[in-house]
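The values are calculated or read from the model by the stated rules, or taken from the named source; none is laboratory data. Please read all numbers here as calculations on a predicted model, not as lab measurements. Cβ sites come from the backbone with ideal geometry, for glycine too, and all protein chains shown count toward neighbours. SASA here: full protein model, heavy atoms, side chains in, ligands and nucleic acids out. Shrake-Rupley method; radii C 1.70, N 1.55, O 1.52, S 1.80 Å.
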Amino acid sequence: MTLYYEPLPDRARTLVEILGGQPHGAADLAELAALVRADPGAQLVILGSSVNLAEAVTFAAQHRLTRPTLGVVLLRDHVDVAVLAEALRAGIREVINAGDSHGIRAACGRSLEVSHQLALGGVAPQPAAAPVKEGRLVTVFAGKGGCGKSTVATNLAVALADGGKHRVCLVDLDLTFGDVAIMLQLVPKRSLADAVPMTGRLDETGIRSLVTPYAPGIDTLLAPPAPADGERVGRELVSEILKIVKRMYDYVVVDTPPFFSDQVLAALDLSQWYILLATPDIPALKNLRLTLDMFDLLEYPTSQRIIVLNRSDSQVGLTHADIDRVVRAPIAGRVPSTRDVPVSINRGVPLMVDSPNNPVSRYIREIQARIQTAAQPAGAPVEPARRRAFSLRRGR
Ligand SMILES: Nc1ncnc2c1ncn2[C@@H]1O[C@H](COP(=O)(O)OP(=O)(O)OP(=O)(O)O)[C@@H](O)[C@H]1O
Ligand SMILES: [Mg+2]
């Protein structure tokens, strides 16, 4: 249970809204200490911004040794070095600005993760060598709209599931204009936006409450029906969701918007495969090259990039040599243009479902085979590929 103490009622109300769920408030620090004593499983205490600093520090210091699994997060109106130093000495895990609701939720999530690990270590020696089984995450991306991301993502999810032999989760990270629901004729009862109140506390049960099943072996996490709701699904939350989803499924396929966003970076950070699309026109090819430059900067391994030229046979006056000159990277596959694709989208049935021998389906199966026959067996732990920390700021 999450416990908090904030003496000012207005601030307490705001805090409860930020935390979501049903945190338990104490009337003073003595009651807070009593609540902690009464609940040996309590892992998180939040001390509000109007709690006296000296008292907060004393509270944390007292519990530091007696309850090492209890994380204390302190809110302040101003965070300065002196406050941070004092807090850290007392064993407070994080000091966060009281106005930073996103930061507060993220800090609570991190603290709970630490507590969870400590609790595991303290209860019994875990088989530390036993790796957590993880599915492989495939992100489908293009730096220009309309290149076929959603087409590839939906068909690849069907191919990877292989009629229910594998568990696949298709995640629509095109949070404002996601097409997965409409392409699969799904009516989203819940969407990724419904994860927002669970930020920092998500678990497999929470994820199960959000998925919309599609077919045997295939679940979807859909984009919010109202574009404005997508704004609320931030990078930290996307990371939290994807980390859990990877543990639950053999494969996770992520569809994306046609631009780098913090949420897309969160998915790329956790990906084992990157499917990068372009169509044979100069703006799309230029954006593919820029995407590859960005990937080089972020040190996403070249071996895991699958570059696909969609609608490759469109007669648009570009030769293979022209295309290679712009892209300057090996193109793994060329998918022909066929009216079967828009027809299948308009019917709401992926080509892989009822036309597995269509040329587009055949190429999707090549990607599936490459992913499934890669060195590691499905379910083995896979290192995230990314090495550098990077964050996008709005307006840059
Ligand atoms: N191989 C193909 N042959 C013919 N049409 C195609 C092919 N691939 C995609 N299309 C068409 O191109 C359009 C865009 O495809 P899709 O929605 O998959 O792209 P997207 O990259 O997801 O777009 P957005 O950036 O808008 O999300 C669709 O109308 C689809 O029918
Ligand atoms: Mg799309």
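Within segment 1-12, residues that are more than 15 Å from Leu70 (Cα to Cα) reach partners that are open to solvent by 60 Å² or more (accessible area, probe 1.4 Å) and outside any strand (DSSP E or B) with beta carbons closer than 8 Å, at six or more positions or on different chains, in the pairs Pro7/Asp28. Is at least one residue of segment 331-344 near ligand 1 (Cβ under 8 Å from one of its atoms), among the basic types (Lys, Arg) and surrounded by 13 or more Cβ atoms within 10 Å (Cβ to Cβ)? There is no residue in segment 331-344 that is near ligand 1 (Cβ under 8 Å from one of its atoms), among the basic types (Lys, Arg) and surrounded by 13 or more Cβ atoms within 10 Å (Cβ to Cβ).
In segment 315-351, the residue that is farthest from ligand 2 (Cβ to nearest atom) out of those that are within 21 Å of Tyr214 (Cα to Cα) and part of a loop (DSSP other than H, G, I, E, B) is Val349. Scanning segment 174-197 for residues that are touching a helix residue (DSSP H, G or I) at 6+ places or on another chain (Cβ under 6 Å) and open to solvent by 30 Å² or more (accessible area, probe 1.4 Å), which turns out farthest from ligand 2 (Cβ to nearest atom)? Per the stated criteria, the residue is Pro188. Restricting attention to segment 62-85, the residues being out of contact with any Leu (no Cβ under 7 Å at 6 or more places or on another chain) and either more than 18 Å from Gln43 (Cβ to Cβ) or without any contact (Cβ under 8 Å) to a residue 12 or more places away in the chain (or both) number 11.
When Phe259 is tested against (1) surrounded by fewer than 22 Cβ atoms within 10 Å (Cβ to Cβ); (2) away from ligand 2 (no atom under 16 Å from the Cβ); (3) in contact (Cβ under 8 Å) with a residue 40 or more places away in the chain, only condition (2) is not met. Candidates Val158, Val171: the one that is closer than 19 Å to Lys243 by Cβ, touching a residue at least 24 places away in the same chain (Cβ under 8 Å) and either under 17 Å from the mean Cα position of the chain (by Cα) or away from ligand 2 (no atom under 11 Å from the Cβ) (or both) is Val171.
Criterion first (over 30 Å from Val51 (Cα atoms), in a helix (DSSP H, G or I) and not basic (Lys, Arg)) does Thr151 satisfy it?
So Thr151 passes the test.
Listed by first and then second residue, the pairs linking a residue in segment 332-343 that is under 11 Å from Arg311 (Cβ atoms) and in contact (Cβ under 8 Å) with a residue 60 or more places away in the chain to a residue that is among the hydroxyl-bearing types (Ser, Thr, Tyr) and away from ligand 2 (no atom under 16 Å from the Cβ), with Cβ atoms under 9 Å apart and 6 or more places separating them unless they lie on different chains, are Val335/Ser312; Val335/Tyr363.
Which of the residues that make up segment 273-296 are open to solvent by 10 Å² or more (accessible area, probe 1.4 Å) and within 21 Å of the chain's Cα centre (by Cα)? The answer is Trp273, Met294. Does segment 301-314 contain any residue that is among the hydrophobic types (A, V, I, L, M, F, W, C), more than 16 Å from ligand 2 (Cβ to nearest atom), surrounded by fewer than 16 Cβ atoms within 10 Å (Cβ to Cβ) and on the phi < 0 side of the Ramachandran plot? Scanning segment 301-314 turns up no residue that is among the hydrophobic types (A, V, I, L, M, F, W, C), more than 16 Å from ligand 2 (Cβ to nearest atom), surrounded by fewer than 16 Cβ atoms within 10 Å (Cβ to Cβ) and on the phi < 0 side of the Ramachandran plot.
Look at segment 30-81 and say how many of its residues are surrounded by fewer than 17 Cβ atoms within 10 Å (Cβ to Cβ), farther than 20 Å from Ala98 by Cα and within 33 Å of the chain's Cα centre (by Cα). Residues meeting the conditions: 5. Is there a residue being modelled with pLDDT under 95 and buried (at least 17 other Cβ atoms within 10 Å of the Cβ) anywhere in segment 115-123? Checked segment 115-123: at least one residue is modelled with pLDDT under 95 and buried (at least 17 other Cβ atoms within 10 Å of the Cβ).
Checking the stated criteria, Gly200 turns out not to satisfy the condition of being open to solvent by less than 20 Å² (accessible area, probe 1.4 Å), at negative phi, of a type outside the set (Val, Ile, Thr) and modelled with pLDDT under 95. Identify the residue in segment 253-268 that is of a type in the set (S, T, N, Q) and in a loop (DSSP other than H, G, I, E, B) and, among all such residues, is nearest to Val168 (Cα to Cα). Ranking the qualifying residues of segment 253-268, first place goes to Thr256. Given the condition open to solvent by 10 Å² or more (accessible area, probe 1.4 Å), assigned by TED's automatic domain parsing to the domain that holds Ala153 and in contact with a Phe, Trp or Tyr (Cβ under 7 Å, 6 or more places away or on another chain), answer yes or no: does some residue in segment 214-231 qualify? Checked segment 214-231: at least one residue is open to solvent by 10 Å² or more (accessible area, probe 1.4 Å), assigned by TED's automatic domain parsing to the domain that holds Ala153 and in contact with a Phe, Trp or Tyr (Cβ under 7 Å, 6 or more places away or on another chain). Taking segment 159-184 as the range and being within 15 Å of ligand 1 (Cβ to nearest atom), not aromatic (Phe, Trp, Tyr) and not in a helix (DSSP H, G or I) as the test, the residues that pass are Leu170, Val171, Asp172, Leu173, Asp174, Leu175, Thr176, Gly178, Asp179, Leu184.
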